[in-house]
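Visitor: Would you mind keeping the following structure in view while I ask a few things?
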Amino acid sequence: MDDRIKAFITKQHLLALSVIDNTDSTHLSVYSASCYYAFVKENLSLCFKSDSNSKHIKLAYVNPSVGVIIAKDSNTLTHLKGVQIQATFRNATQQEQGVYYDKFPFARLGSGEIFALDIDFAKYTNNQLLLQKKLTYTKE
């Protein structure tokens with residue numbers, strides 16, 4: 001993964017997670033949730049805390065292929081930055097839990113579990129770079 005993508009992901013703290021919702025057999029839809037996250041560079045994973053009984057976690061267990069958006073908010077087109085990610089949902093390792101709690105020590109006070117998203121593909125947009133092509137990463 002390009003270091004510019006890693007640097008962007010490291011600096012941010014909020015992601016939008018989208019999961020497939022096929023609980024209604026007559027209608028396929030997408031369900032989304034916002035989560036604070038920590039980036040584990042060694043694993044190229046994103047860790048977040050949530051309630052295991054929440055809708056997005058229940059759906060992610062059924063369909064672990066998820067979508068993620070991490071974006072920097074800006075009203076100026078040339079300052080637009082963000083990454084679109086395809087990831088695989090799973091339970092976090094002890095090491096990943098430690099990284100999450102190092103970034104968000106106050107999160108120890110709340111209930112919930114730490115989960116992880118293994119980055120399978122990422123497309124990075126940074127309009128300040130004026131790139132003709134977006135930076136991409138594909139897991140080997």
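The values are calculated or read from the model by the stated rules, or taken from the named source; none is laboratory data. All figures in this text were calculated on a predicted structure; none of them were measured in a lab. Positions of Cβ are generated from backbone atoms using ideal geometry, with glycine treated the same way; all protein chains shown enter the neighbour counts. When the accessible area is computed, the model is the full protein with side chains, heavy atoms only, and any ligands, DNA or RNA have been set aside. Shrake-Rupley method; radii C 1.70, N 1.55, O 1.52, S 1.80 Å.
Visitor: Assess whether LYS72 counts as being farther than 23 Å from MET1 by Cα, among the basic types (Lys, Arg) and open to solvent by 40 Å² or more (accessible area, probe 1.4 Å). Walk me through it before giving the result.
Guide: Working: farther than 23 Å from MET1 by Cα: no; among the basic types (Lys, Arg): yes; open to solvent by 40 Å² or more (accessible area, probe 1.4 Å): yes.
Spelling it out, it is not the case that LYS72 is farther than 23 Å from MET1 by Cα, among the basic types (Lys, Arg) and open to solvent by 40 Å² or more (accessible area, probe 1.4 Å).
Visitor: Return yes or no: is TYR37 under 16 Å from the mean Cα position of the chain (by Cα), over 20 Å from ASP102 (Cα atoms) and aromatic (Phe, Trp, Tyr)? Give the derivation first.
Guide: Values: under 16 Å from the mean Cα position of the chain (by Cα): yes; over 20 Å from ASP102 (Cα atoms): no; aromatic (Phe, Trp, Tyr): yes.
No: the conditions fail for TYR37.
Visitor: Can I ask one more? Is it true that GLN132 is modelled with pLDDT of 95 or more and not in a strand (DSSP E or B)? Even if it seems obvious, please write down each step before you answer.
Guide: Values: modelled with pLDDT of 95 or more: no; not in a strand (DSSP E or B): yes.
No: the conditions fail for GLN132.
Visitor: Moving to a separate point now. Being of a type in the set (A, V, I, L, M) and closer than 19 Å to ILE70 by Cβ is the filter here; which residues of the range 87-140 pass it? Show your work before the answer.
Guide: Pass one, the range 87-140, residues of a type in the set (A, V, I, L, M): 87, 92, 99, 107, 109, 114, 116-117, 119, 122, 129-131, 135.
Result: ALA87, ALA92, VAL99, ALA107, ILE114, ALA116, LEU117, ILE119, ALA122, LEU129, LEU131, LEU135.
Visitor: Now, a different point. Pick from LYS123, LYS103: which is open to solvent by 50 Å² or more (accessible area, probe 1.4 Å), within 13 Å of the chain's Cα centre (by Cα) and in contact (Cβ under 8 Å) with a residue 40 or more places away in the chain? Full working, then the answer.
Guide: Working: LYS103 fails: within 13 Å of the chain's Cα centre (by Cα).
On inspection, the qualifying residue turns out to be LYS123.
Visitor: Restricting the search to the range 11-60, which residues are part of a loop (DSSP other than H, G, I, E, B), farther than 18 Å from SER111 by Cβ and in contact with a strand residue (DSSP E or B) (Cβ under 9 Å, 6 or more places away or on another chain)?
Guide: The first filter runs over the range 11-60 and keeps only residues part of a loop (DSSP other than H, G, I, E, B), leaving 12-13, 25-26, 41-44, 51-54.
Keeping just the survivors that are farther than 18 Å from SER111 by Cβ gives 12-13, 25-26, 41-44.
Once the filter is applied, which keeps residues that are part of a loop (DSSP other than H, G, I, E, B), farther than 18 Å from SER111 by Cβ and in contact with a strand residue (DSSP E or B) (Cβ under 9 Å, 6 or more places away or on another chain), the range 11-60 yields GLN12, HIS13, ASN43, LEU44.
Visitor: Can you confirm whether the range 7-21 contains a residue that is open to solvent by 50 Å² or more (accessible area, probe 1.4 Å), acidic (Asp, Glu) and either out of contact with any His (no Cβ under 6 Å at 6 or more places or on another chain) or modelled with pLDDT under 95 (or both)?
Guide: Keep residues of the range 7-21 that are open to solvent by 50 Å² or more (accessible area, probe 1.4 Å), which gives 10-11, 13-14, 20.
In the following step, the residues that additionally are acidic (Asp, Glu) were identified as none.
No, there is no match, as no residue in the range 7-21 is open to solvent by 50 Å² or more (accessible area, probe 1.4 Å), acidic (Asp, Glu) and either out of contact with any His (no Cβ under 6 Å at 6 or more places or on another chain) or modelled with pLDDT under 95 (or both).
Visitor: Separate question: Cβ-Cβ distance below 8 Å, separation of 6 or more or different chains: which pairs start in the range 7-23 with a residue that is over 16 Å from SER34 (Cβ atoms) and end on one that is of a type in the set (Lys, Arg) and open to solvent by less than 70 Å² (accessible area, probe 1.4 Å)?
Guide: The qualifying pairs are PHE8/LYS81.
Visitor: Please go through the range 78-95 and pick out each residue that is in a strand (DSSP E or B) and either surrounded by 15 or more Cβ atoms within 10 Å (Cβ to Cβ) or of a type in the set (D, E, K, R) (or both). Give the steps one after another, and end with the answer.
Guide: Initial filter on the range 78-95 (in a strand (DSSP E or B)): 81-91.
Correct list: LYS81, GLY82, VAL83, GLN84, ILE85, GLN86, ALA87, THR88, PHE89, ARG90.
Visitor: If I ask for residues that are acidic (Asp, Glu) and in contact with a Ser or Thr (Cβ under 6 Å, 6 or more places away or on another chain), which ones from the range 19-41 would you list? I'd like the intermediate steps shown before the answer.
Guide: First pass over the range 19-41, keeping only residues acidic (Asp, Glu): 21, 24.
Of everything in the range 19-41, just one residue is acidic (Asp, Glu) and in contact with a Ser or Thr (Cβ under 6 Å, 6 or more places away or on another chain), namely ASP21.
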